[in-house]
Structure formats: structure tokens, C-alpha cells
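Step one of this worksheet: look at the structure below.
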Amino acid sequence: MITAPFNFVPLSEKVFFPDWAESVSHDVPFEDAESGVIDVTITAKSPIFIRDHENSEEFCNYKGEYYIPATSVKGMVRNVLEIMSFSKMSQFNDNTYAVRDLSNQELYMSKMKPKNIFCGWLKKIDGKYYIEDCGIPGRIRLNKIDRQCSTKFGSNFDGKSDNHKTAKFKYELFSDINLPTNFRYEKNHNGRDVYIVGDDKEGTIVFTGQPSARKEGKTPSGKIYEFIFFEPKEDIEINQKIYNNFKFAYFDGKSNMSEDWKWRKEQLHNGEKIPVFFQKDKDGNIIHFGLSYLYKLPYNYSIGDAIKQKIETITRKDKEYIKLDLSETIFGTTQKSLDETKDYSLKGRVQFSHFKADIKPPIFKTITTVLGSPRASYYPIYIKQNYKVGESIVENERYNTLMDKNSHISGWKRYPLHQNIPNPKRYNKEVDSATTFRPLGNYDKESNKFNEFTFSGKLRYHNPKQVELGAIISALTFHGCSDDFYHNIGMAKSLGFGKINIELSLKAEKEVQLLTAFENKMKEFDEGWIDSQQLNELFAMADKNLAIEHQLKYLTLDPKEKIDEFRDKKNHSEYLPLTSRLSKSKNRIKSILRQETIDCFIKKEMDKQKILEENKEKIKQEQELLNNTPQRNSKAFKDAIKGYVIRNITLPYYDYSDLKKVFEEREDDIISDDIYDAYMDLVDKKSFKSIEKLLLKREKNKATDLELAKLYQLLKEG
């Protein structure tokens with residue numbers, strides 16, 4: 001079974017397109033439109049981290065005051081609303097991925113037969129790309145080139161060096177040598193068509209990369225042949241989409257861009273021709289190409305092709321557009337017409353404020369780790385697979401891939417909740433892919449319970465219909481079940497960070513009214529909405545009692561230790577089960593339409609509102625306390641310590657170092673008997689017991705701002 005800290009909510013094939021979408025206006029209200037403001041409280045249930053825009057290691061802040069940006073909350077809520085309202089998947093990159101799997105005969109090797117692979121020179125003329133078709137490439141053994149040129153590539157090759165594996169390395173090795181340009185055809189001892197140096201045919205030797213060293217023996221392995229490009233026959237223009245697929249396969253413009261493509265790209269833009277290999281369709285058009293003989297093969301279908309949803313269109317000013325779903329209708333959108341000649345935009349009618357931390361929470365710890373994720377081309381995970389519950393492998397031991405016309409993407413990617421205290425593997429900062437960050441929040445050392453803290457902000461809405469506002473409330477509170485289901489937000493969700501609960505300052509009766517309007521509309525569209533696979537998977541991943549920690553880990557890829565679980569799992573036809581199949585929790589989404597549910601909900605919401613008000617008052621008092629507390633090493637704080645001591649005991653003189661020996665349990669080091677006896681009287685006083693612990697924390701610089709404030713208050717009152 002494949003494991004991963006993320007999973008998927010399958011897409012709904014049917015998309016809900018609200019019939020009022022084209023009537024949305026900021027000026028003319030709907031008959032049942034509402035406008036107003038709702039106070040929103042976010043409670044952190046685990047350490048949380050949202051990157052600051054200036055200092056990437058720090059939590060988002062303005063002059064030291066922590067806050068969650070409005071855009072983070074909006075994106076989180078919008079994704080949940082898209083799933084709950086059966087919206088279309090519109091935010092995606094319609095890329096065509098590529099595959100190079102030499103162990104898979106059906107998927108790759110059967111499509112890379114020698115008779116179908118041609119070679120040629122890629123060039124750019126007036127902004128367009130062409131390939132000079134040189135036909136089927138010839139092959140020549142690299143050791144024969146070494147012998148002819150008196151070089152020693154084999155002995156110079158270092159399999160541990162990424163640079164040595166590139167074609168560029170070979171060209172640099174032979175840079176001062178005149179390579180042979182005339183060749184003679186022959187068959188080798190295995191009957192393969194090859195070439196040696198001779199006088200029969202002119203051509204150009206072309207080097208490609210060397211994945212590993214050549215090993216001879218009974219079972220030889222490793223690349224042994226280079227290639228010969230003969231005289232070109234014709235120029236073939238390349239379709240722009242084909243060229244874009246090629247660039248995407250070689251990670252063009254990204255940090256992990258292929259070293260050979262980086263080098264060849266510069267040559268191409270300098271007006272040089274570069275060697276490529278390609279295939280053609282029956283009409284002679286190039287269908288794909290690459291830099292090596294067995295290049296990355298683009299799939300037949302793109303991500304967009306695998307999003308199988310029934311989309312409807314509408315005409316606006318003589319142009320065809322895709323209809324707006326509920327998410328776009330509420331939050332706004334910008335879209336192009338189907339012929340991409342005109343834009344249409346709709347402003348959103350819902351805005352979130354920034355969410356400011358109510359008190360300054362402590363730092364969890366500084367973490368340096370690798371936040372990895374398998375590429376979306378890893379089809380055992382990202383393409384929907386067929387399997388039977390209880391079985392450990394996919395049906396017929398065959399994966400669905402983007403080569404298949406009926407392939408589906410797995411769905412909306414989300415992160416199931418963790419239960420354990422986040423403890424990611426630590427890396428050195430010098431590791432290229434390592435990320436350093438400092439999350440907020442800590443755990444009680446005795447109980448291991450998380451010390452919750454809150455952020456406060458507002459939801460402002462202008463002219464949404466009741467069903468729309470109900471959809472937003474439903475997405476915020478998991479359809480009124482916020483006690484049992486949590487959101488997660490920010491960075492490192494895959495490691496268990498960012499778990500949050502959301503509460504609203506909304507009267508229970510009003511919340512029921514809005515949730516009812518939304519549920520009725522969705523049941524009108526699909527009677528099985530409440531029991532749909534989409535809601536089932538969404539709620540399974542958001543379940544606060546979800547306990548599948550063993551399943552929430554990345555597969556291991558460690559070239560040094562020769563561990564590749566991605567390859568092993570794929571070779572064994574394993575799959576990633578849906579979260580609902582793994583969970584044993586009995587928490588479920590509840591319909592708001594049943595009277596017993598409404599009665600229970602209203603009572604529970606009234607109790608929560610009371611607690612919410614009490615918490616706000618407590619936070620207000622704590623904030624006042626913080627505002628009246630001086631800095632830990634200020635004269636005012638030191639005077640408060642001294643004042644407390646001399647009010648409670650009689651000393652010949654006061655010295656902080658003596659007090660320090662007491663709360664550090666080194667009182668036997670006090671030299672003066674009078675001072676020792678006085679401090680023993682202080683230790684016996686009831687007020688000193690709580691002060692003593694806080695003094696020690698202050699001395700070690702481990703006291704939180706709130707603990708310092710409480711200490712200062714105790715010192716002034718004691």
C-alpha cells in the first residue's frame with residue numbers, strides 16, 4: 001500500500017452552475033440578498049506557520065504582531081466551498097507530463113522502437129522552430145571513438161558526479177579533438193546495425209548523457225553507443241504545443257531544469273542548431289522530441305483532458321464562455337472566452353480581513369527540514385486507480401495513466417489531519433532543498449496538550465443570496481460541525497502543522513437558516529449530496545479524531561542507500577487508498593434539515609457563543625496585563641522583584657544573586673546565615689511557590705510574554 005501525507009477528494013462529474021450567476025450585481029441587490037459583517041475566531045489546534053513576505057523563516061507579521069493574511073483564509077475556505085458545492089476544477093496548469101520508464105514495456109518501451117525514432121537538428125528561424133530531419137540515427141561504440149581519438153572517457157567517468165552524466169561533459173572532454181566525420185556500416189556480433197570509422201558515409205557524431213558507467217561481463221549494463229547524424233533530408237516545422245511539451249519535460253525555467261537543456265537552450269538562442277531525437281505521425285508531422293535517444297515521452301493526454309466534468313457554456317456579447325460555478329459566483333473570477341480573444345471578470349462579494357493574533361504566542365522551535373512531494377507525473381497517486389477494497393494492488397495489476405483516454409485525475413489534493421506532535425526529520429541548512437521556519441505555538445510539558453491560541457478577524461459580505469452566504473458558512477464550519485472537523489492552513493501541513501478550528505459570532509437560529517438554504521439547494525441539484533463521495537472524503541480528512549498517522553508519511557527516496565520506494569511500490573502495482581477507507585472514526589457530516597439536529601445544534605451553538613464571549617473577555621484582560629508589563633530586564637521589572645523580597649522578609653542587604661541561588665535550589669551556597677534564614681522564611685510563604693517557578697523561567701529566558709506579565713503582577717501584589 002502506498003503512503004502519503006496527502007490524499008484526494010474525487011471530482012464531481014456533475015458541476016453545479018447557479019442559474020443566477022449572470023444576474024450578479026454589486027449595485028442591484030437580489031430579493032433575498034444580505035450584507036453585513038461576521039466576527040470570525042480562528043483557534044490554533046497545533047503549531048502553525050504562514051511565511052512572512054520579507055523574512056521567509058518567520059511567521060507572517062507586521063512590526064512583530066503576528067497575523068494570518070486574508071488571502072490565506074480566503075484560499076482555504078474557497079477550496080472547501082468548491083468541493084462542497086460541486087464546483088469545477090478551474091485552477092490548474094494544463095500541462096502534458098512525460099514519462100521515461102525503461103522497466104514498463106506497455107507504457108514506454110513499446111512506444112520507443114528503433115524504427116520509429118528519428119534524429120535531426122533543432123533550429124529557430126524568425127521565432128519558429130524547425131527540425132532538420134536526418135532520418136534514422138547511426139550508432140557507434142564509444143570505446144571505438146576513444147580508440148580513434150586516443151581518449152579515455154571510460155576511465156574518466158565518475159558515476160557519482162551528476163556533471164559526468166551529462167552530454168555536455170563528453171563534449172568538453174572531446175572539445176580539442178577532431179572527431180571522425182566518415183563512417184562505414186557493418187553488423188556487430190549480435191546482428192545489430194552499427195557504424196565504425198570508414199569512408200562510406202558522411203555524418204556527425206552526437207553525444208548524449210551517460211546515466212551510469214558501462215559494465216562488461218556476462219550481463220553487461222550501461223550505455224555503450226553514441227550516435228551519428230547523417231545528411232538532413234528536409235526541414236519540418238514544430239507545432240508550438242509540441243515545443244511547449246518538450247520544454248515542460250525538461251523543467252524549463254525551473255530550479256531543477258535539466259543541465260543539458262540549460263546548455264543546449266543557450267546554444268539554440270545564440271542561433272546554433274542542437275541535436276534532438278523525435279517521432280512522426282503518419283503524415284510526417286513531429287509529435288514529440290527530446291535530447292536523448294530514449295527521451296521523456298509525453299503522455300497522450302494533458303491534465304485538462306483528465307478532468308472529466310460536464311461543463312456548460314454561455315454566450316456573452318457574441319463570445320462563448322464556460323458557465324460560472326458557485327465558487328466563482330461568490331468569490332469572483334476572471335476568465336477568457338473559449339477562443340481566448342476576450343476576457344470576462346466578476347468582482348467577488350465576500351472579503352476576509354487579516355486575522356491578528358489575540359496574544360503573542362510562543363515559538364514552537366526552529367525547524368530545518370525538507371518539504372517534499374512526489375511529482376504530479378507519479379501516476380500511481382495522481383491518476384485515479386481501480387482497486388477493490390481490501391486488495392493490496394490495483395485491478396489487473398495495470399495502472400491507469402495519461403496514455404489512456406478514459407484516465408481521471410485523482411481529484412482535489414488535501415492534507416488529512418495529524419494527531420501526533422509534529423517532529424519532522426532535521427536537515428542541515430546547507431541542503432539545497434531544505435526549508436527553515438519557526439512555527440507558532442507550544443505544548444504543555446506535563447500533559448503534552450497543545451496550548452491553544454486565537455486569531456480574530458472579520459468576514460464582510462455584500463449582496464450574496466442566502467444560499468451563497470449559507471455556502472460560505474458551511475465551508476467555514478464544515479456545515480455546522482466545527483467541533484468535530486478542523487481546517488488546516490499554511491505551510492508544512494504534510495507534517496501536521498496548521499490545524500485550526502473556526503467559530504463565528506452568528507446567532508444559532510440565523511446560522512441554521514443559512515445552512516438550510518445551502519443544503520436545500522444542493523439536494524435540489526443532487527439528492528445524494530449529503531452522502532456523496534466528495535463530502536465523505538472531505539470530512540474524513542478534516543476529522544479531528546482521524547488516527548492514521550502510520551499512513552501519513554512520504555515514500556522514501558534515498559539514492560545513497562539505494563532505497564526507492566516510489567519505484568518498488570509501482571513495480572508491485574500498489575495504490576493510495578482513499579482516507580475514508582483508512583479511517584475508523586465515526587464522525588460524519590450531519591444534515592441540518594432534521595429537527596433533532598437543529599435543536600441540538602442551536603443549544604450547542606448558544607453554549608459555544610457563551611464560551612467565546614468569556615474567552616474574548618479573558619483575552620482582553622490578558623492584553624491589558626501585557627500592556628502594563630515592562631521588559632524582562634528593565635529597571636522596573638528588577639525593582640518589582642526587589643520590592644517583593646524586601647516587603648516579605650528582613651535582610652541586612654538585598655542582592656539578587658542570593659535570590660537566584662534560592663530559586664535555582666542552590667541556597668546552601670549562601671554564605672551569610674542571616675540572609676540564609678531570611679530566604680528560608682520566604683520559601684515557606686504561599687505566594688513564593690508560584691513566583692519561584694516563574695523567576696526561574698525568566699532567568700533562563702524561557703518565560704512567555706504572558707508568564708512574565710503574570711510574574712510581574714504577582715510581584716506587585718505579593
Condition set touching a Lys or Arg at 6+ places or on another chain (Cβ under 6 Å) and under 27 Å from LYS115 (Cβ atoms), scope segment 261-285, selection least open to solvent (accessible area, probe 1.4 Å): answer is ILE274
Contact list, first residue from segment 481-498 and free of Cβ contacts under 8 Å to residues at least 40 places away in the same chain, second anywhere and assigned to a helix (DSSP H, G or I) and open to solvent by less than 10 Å² (accessible area, probe 1.4 Å), beta-carbon distance below 8 Å, six or more apart or interchain, is SER482/LEU476
When segment 68-106 is checked residue by residue, the ones that are crowded, with 20+ Cβ neighbours inside 10 Å and part of a loop (DSSP other than H, G, I, E, B) are SER85, PHE86, SER87, LYS88, THR96, TYR97
Only one of PHE485, PHE437 is under 24 Å from the mean Cα position of the chain (by Cα) and over 29 Å from THR704 (Cβ atoms), namely PHE485
Taking segment 411-444 and the residues there that are in a loop (DSSP other than H, G, I, E, B) and of a type in the set (Ser, Thr, Tyr), the one that is farthest from ILE50 (Cα to Cα) would be TYR427
Does SER573 satisfy being among the polar types (S, T, N, Q), crowded, with 16+ Cβ neighbours inside 10 Å, assigned to a helix (DSSP H, G or I) and out of contact with any strand residue (DSSP E or B) (no Cβ under 6 Å at 6 or more places or on another chain)? no
Of the listed residues (ASN451, ASN423, ASN463, ASN428), the one being open to solvent by less than 10 Å² (accessible area, probe 1.4 Å) and either of a type outside the set (A, V, I, L, M) or free of Cβ contacts under 8 Å to residues at least 12 places away in the same chain (or both) is ASN463
- Answer with yes or no whether SER46 is surrounded by 12 or more Cβ atoms within 10 Å (Cβ to Cβ), of a type in the set (S, T, N, Q) and modelled with pLDDT under 95. no
- Do we have SER292 as in contact with a Ser or Thr (Cβ under 6 Å, 6 or more places away or on another chain), open to solvent by 30 Å² or more (accessible area, probe 1.4 Å) and at pLDDT 90 or above here? yes
Taking segment 325-355 and the residues there that are charged (D, E, K, R) and in contact (Cβ under 8 Å) with a residue 60 or more places away in the chain, the one that is surrounded by the fewest Cβ atoms within 10 Å (Cβ to Cβ) would be LYS347
Filtering segment 350-404 down to residues that are among the β-branched types (Val, Ile, Thr) and closer than 30 Å to LYS63 by Cα yields VAL350, ILE359, ILE363, THR366, ILE367, THR368, THR369, VAL370
Output for Cβ contacts, cut-off 7 Å, separation at least six or different chains, first residue more than 30 Å from LYS247 (Cβ to Cβ) in segment 298-320, second open to solvent by less than 80 Å² (accessible area, probe 1.4 Å) and modelled with pLDDT of 90 or more, reads LYS310/VAL15; GLU312/PHE17; GLU312/LYS323; THR313/ILE322; THR313/LYS323; ILE314/LYS323; ARG316/TYR344
If we ask which residues in segment 600-638 are loosely packed, with under 12 Cβ neighbours inside 10 Å and of a type outside the set (S, T, N, Q), their number turns out to be 11
Exercise. Taking the condition open to solvent by 40 Å² or more (accessible area, probe 1.4 Å), assigned to a loop (DSSP other than H, G, I, E, B) and either closer than 27 Å to LYS45 by Cβ or in contact with a strand residue (DSSP E or B) (Cβ under 8 Å, 6 or more places away or on another chain) (or both), does SER377 pass?
Worked result: no
Across segment 592-628, the tally of residues that are within 14 Å of GLY480 (Cα to Cα), among the basic types (Lys, Arg) and part of a helix (DSSP H, G or I) stands at 3
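The values are calculated or read from the model by the stated rules, or taken from the named source; none is laboratory data. Not measured: the values here are computed from a predicted model. Positions of Cβ are backbone-derived with ideal geometry, glycine not excepted, and every protein chain shown enters the neighbour counts. These accessible areas exclude ligands, DNA and RNA; they are computed on the full protein's heavy atoms, side chains included. Shrake-Rupley method; radii C 1.70, N 1.55, O 1.52, S 1.80 Å.
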